[in-house]
Amino acid sequence: FRTHPPPHAMLRSLVGSEMCIRDRRMAIRETWGSEKYFPGLHMPVVFLIGLTKNRTEQETMERENTVYGDILQEDFTESYFTLDLKTIMAWKWASEYCSHATFVMVCNDEFMVDMFKLISYLKSEPKDESKINLCSNAVGFGVMRGHPKWHVSKETYEATHYPPYCVGSGYVARSAVIRKMYFMSVDTPMFMPDDAWIGIVIEKLGLYLPPTKHMFTLRPALKKSSKLEYLKSPSLASVTDVGSEDPPTIMQEIWKVLLTYHTVTTVQT
């Protein structure tokens, strides 16, 4: 956890959205990010955060990290437009401090993961360092010239369409693959959207993207995850930040459903 004094700024109270971000971290710690449900497996969770200009928020985050020790902060501004830097930050940390791991998962804090299914799925995966093991594939998306949010100039990327890429919500790859992506990122000019940029890194490495889009559930997460069809389906990840959904609450509710199902299944088996 590396802190840097934020620039002088007028102190203000934490707004609801900032509190919700802390609630998301707590929900992950208490649900799919908790090792207590998976004895014998070491699954450290690290939250990656940029700098904040709010001194009160910074101090609150430091106190939170004193308790949980799982927050990593780098010296770039926390913003949607620095997600590419945060991606490299994730790859760098995994490569330098968690290189012994078998798999690495990078995902947003709105992600709800059925770890019971994911662990089983990854255990069945053959050792192959030429692919991404799990991602929601996006194929055939055109480059949006002049878009107010996702404009990419021809100088930055000449092609009219992006290569296949993983939608940024989350993906899983072997540790060695993440390390290759980190090294390749140094020679790949960054731009937004970050998931399309990741696709270019993947293409340059010649990595294979498996057809695993059917394993992701988008909306509405709780309704779909509570159905028996989901519990028996290959789906193992849900995006909870959709429309009016409240990610921390939805995450807790889905986890209760999954715990009940897997406990009953284990007993019956």
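The values are calculated or read from the model by the stated rules, or taken from the named source; none is laboratory data. Predicted model, so just to flag it, every value in this text is computed and none were measured. Cβ placement follows ideal geometry from the backbone for every residue including glycine, while neighbour counts extend to all protein chains displayed. Heads up: the accessible areas ignore ligands, DNA and RNA and are worked out on the full protein's heavy atoms, side chains in. Shrake-Rupley method; radii C 1.70, N 1.55, O 1.52, S 1.80 Å.
Values for this structure:
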| item | result |
| --- | --- |
| Evaluation of H100 against (1) open to solvent by less than 60 Å² (accessible area, probe 1.4 Å); (2) part of a loop (DSSP other than H, G, I, E, B); (3) in contact with a helix residue (DSSP H, G or I) (Cβ under 8 Å, 6 or more places away or on another chain) (one fails), failing number | (1) |
| Members of the stretch 130-168 that are assigned to a strand (DSSP E or B) and of a type in the set (A, V, I, L, M, F, W, C) | L134, C135, A138, C166, V167 |
| Options Y171, Y182: the member that is part of a strand (DSSP E or B) and either in contact with a Gly (Cβ under 9 Å, 6 or more places away or on another chain) or crowded, with 16+ Cβ neighbours inside 10 Å (or both) | Y171 |
| Residue within the stretch 59-79 that is closer than 29 Å to K149 by Cα and more than 19 Å from the chain's Cα centre (by Cα) present | yes |
| Residue count for the stretch 131-149, restricted to those that are in contact with a helix residue (DSSP H, G or I) (Cβ under 8 Å, 6 or more places away or on another chain) and open to solvent by 30 Å² or more (accessible area, probe 1.4 Å) | 1 |
| From T3, T56, residue being over 21 Å from the mean Cα position of the chain (by Cα), under 18 Å from Y68 (Cβ atoms) and at pLDDT below 95 | T3 |
| Single condition S95 does not satisfy, out of (1) under 23 Å from P247 (Cβ atoms); (2) within 17 Å of the chain's Cα centre (by Cα) | (1) |
| Residue count for the stretch 60-75, restricted to those that are surrounded by 13 or more Cβ atoms within 10 Å (Cβ to Cβ) and more than 21 Å from A27 (Cβ to Cβ) | 1 |
| Residues (at pLDDT below 80 and either assigned to a helix (DSSP H, G or I) or not hydrophobic (A, V, I, L, M, F, W, C) (or both)) located in the stretch 241-264 | D241, G243, S244, E245, H262, T263, V264 |
| Whichever residue in the stretch 36-52 is in contact with an Asp or Glu (Cβ under 9 Å, 6 or more places away or on another chain) and in a loop (DSSP other than H, G, I, E, B) and, among such residues, is least open to solvent (accessible area, probe 1.4 Å) | T52 |
| Qualifying residues in the stretch 6-21 (those that are open to solvent by less than 60 Å² (accessible area, probe 1.4 Å) and assigned to a helix (DSSP H, G or I)) - the one modelled with the highest pLDDT | C20 |
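This table checks each residue for (1) more than 19 Å from R24 (Cβ to Cβ); (2) open to solvent by 20 Å² or more (accessible area, probe 1.4 Å); (3) among the polar types (S, T, N, Q).
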position: S175; (1), (2), (3): yes, no, yes
position: E203; (1), (2), (3): yes, yes, no
position: L209; (1), (2), (3): yes, yes, no
position: P220; (1), (2), (3): no, yes, no
position: S225; (1), (2), (3): no, no, yes
position: D246; (1), (2), (3): no, yes, no
position: M251; (1), (2), (3): no, no, no
